[in-house]
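Enquirer: Just dropping this structure here.
The values are calculated or read from the model by the stated rules, or taken from the named source; none is laboratory data. Keep in mind the model is a prediction, meaning the values are calculated, not measured. Here the Cβ positions follow ideal geometry from the backbone for every residue, glycine too, while neighbour counts run over all protein chains shown. Please note that ligands, DNA and RNA were not included when accessible areas were found on the heavy atoms of the full protein model with its side chains. Shrake-Rupley method; radii C 1.70, N 1.55, O 1.52, S 1.80 Å.
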Amino acid sequence: QMENSRIKVSVYCITYNHEKYIRDALEGIVKQKTNFRYEVFVHDDASTDNTQEIVKKKKKKYPGIIFPILQTENQYSQGIHIFKTHILPKMNGEYIAICEGDDYWIDEYKIQKQVDFLDNNSEYSACVHNSLVLDLKKHESRLFNSAYEDYDLKIEHVLTEGGSDYQTASLMYRKKFADEIFYTKTPDFFSKAKGFGDYPLAIYLTLSGKVRYFSEIMSAYRVGVCGSWSERVKDRKKCHEVYNSIINMLLSVDEYTDYKYHMAIQSIVEKYRFWILNSSIGINALKNKEMWLVFKKKRISRKVKILIKLLFFNRFFENE
């Protein structure tokens, strides 16, 4: 029985060519047992497979819960921010939960447990939980997080390790922070984060309040899905673009936090610069001042290996 008729949680599901997986995602959402109402926005980005038809059928079956947003032209390729433009303006809930089209929830009390926690702990901006990782290529499963105890996320760890504590389908956060990010405060570091949003969101939520991690496994995360973000950034050029965006975003976070976490941020920026250098082609990469400074700090043996990779080895693996 519902406590009242007000929507408590707004769930969103972003999908593209997920006909093999979207049923699992939507079934995991609509099977949630709650004492409150929730709504589900399913954004399909002009899939070329049968995804939209599956979403339409689910809408007919669950008309008061599922609200499709079906595109005829791909929005991602046009650089349109899907969540900000198409989803957030429609949301009515106090909390936001996420389940992308190739992930799914495996605990039917997942959002009830998270709402109960956030309702009773106003100092927390968000809560997350452990997930099962399903590796489609290796045909094996593992835990996303090896921690068996609940804990509060540390901002230094979020900065240096990105989203390594939790997977997106486990996140529930207060909608007011999404409103701040996109409408009222809009931190500069969000505009620097091109093509990825989970990392800056994790940073903002951890800076805005406490974030609780539950060791309980309540969702499943598929890796190796064709078209997923991790698959899209495998080529060298795209990888370098993403890494440079992350570097620019982190430098902006450094300024945003008045350099309070400068050491942590500098350490991860150096790591990303090293990854870019280590996968570059040609000695000209060392003409870049930041790359040269990273190179200079390495031991002689490491420098020799980097030079060999720059001059010879990386050319064999170039993706054109």
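Enquirer: Between the stretch 24-68 and the stretch 84-136, what's the alpha-carbon centroid distance in Å?
Expert: 15
Enquirer: Strictly greater than 18 Å: what percent of every Cα pair in the stretch 5-102 meets that?
Expert: 42
Enquirer: So if R0 is 41 Å, what FRET efficiency would Lys289 and Lys84 give, r being the distance between their Cβ atoms, rounded to the nearest 0.05? If you can, show how the numbers build up before the last one.
Expert: Working: r = 34 Å, r/R0 = 0.84.
E(calc), rounded to 0.05, equals 0.75.
Enquirer: Determine the share of the chain's accessible area contributed by carbon and sulfur atoms, expressed in whole percent, with a 1.4 angstrom probe.
Expert: For the chain, the apolar C and S fraction of the accessible surface comes to 52 percent.
Enquirer: Another one. Are there chymotrypsin sites (Phe, Trp or Tyr not before Pro) in the stretch 67-126 that DSSP puts in a loop and that have at most 16 other Cβ atoms within 10 Å, and which ones?
Expert: Tyr109
Enquirer: Then there's this: Let me spell out the model: positive unit charges on the Cβ of Lys and Arg, negative unit charges on the Cβ of Asp and Glu, origin at the Cα centre of the chain. What dipole size does that give, in debye rounded to 20?
Expert: 1060
Enquirer: Over the chain, what is the percentage of antiparallel beta bridges among all DSSP beta bridges, to the nearest 5?
Expert: 35
Enquirer: Output the 0 to 90 degree angle, nearest 10, between the alpha-carbon long axis of helix 198-208 and the longest principal axis computed from the alpha carbons of the chain.
Expert: Between helix and principal axis, roughly 80 degrees.
Enquirer: Now a separate question. So, for the chain, what is the accessible surface per residue at a probe of 1.4 Å, expressed in square angstrom?
Expert: In whole numbers, the chain has 52 Å² accessible per residue.
Enquirer: For the chain, set up a Gaussian network in which alpha carbons nearer than 10 Å are linked by springs, and say which option among Ser125, Ser77, Ser267 fluctuates the most.
Expert: Of the options given, Ser77 has the highest mean-square fluctuation.
Enquirer: Let me ask something else. Could you quote the convex hull projected area for the chain, Cα atoms only and averaged over all directions, in nm²?
Expert: Projected over every direction and averaged, the Cα hull of the chain covers 18.1 nm².
Enquirer: Just list whichever of Lys271/Lys303; Lys56/Lys84; Lys31/Lys57; Lys238/Lys271; Lys60/Lys84; Lys154/Lys185 have alpha carbons separated by over 19 Å in the model shown.
Expert: Pairs exceeding the cut-off: Lys56/Lys84; Lys60/Lys84; Lys154/Lys185.
Enquirer: Hey, another quick one. Relative to the longest principal axis of the C-alpha atoms of the chain, give the angle of the C-alpha long axis of helix 236-256, reported between 0 and 90° and rounded to the nearest 10°.
Expert: Helix 236-256 sits at roughly 80 degrees to that axis.
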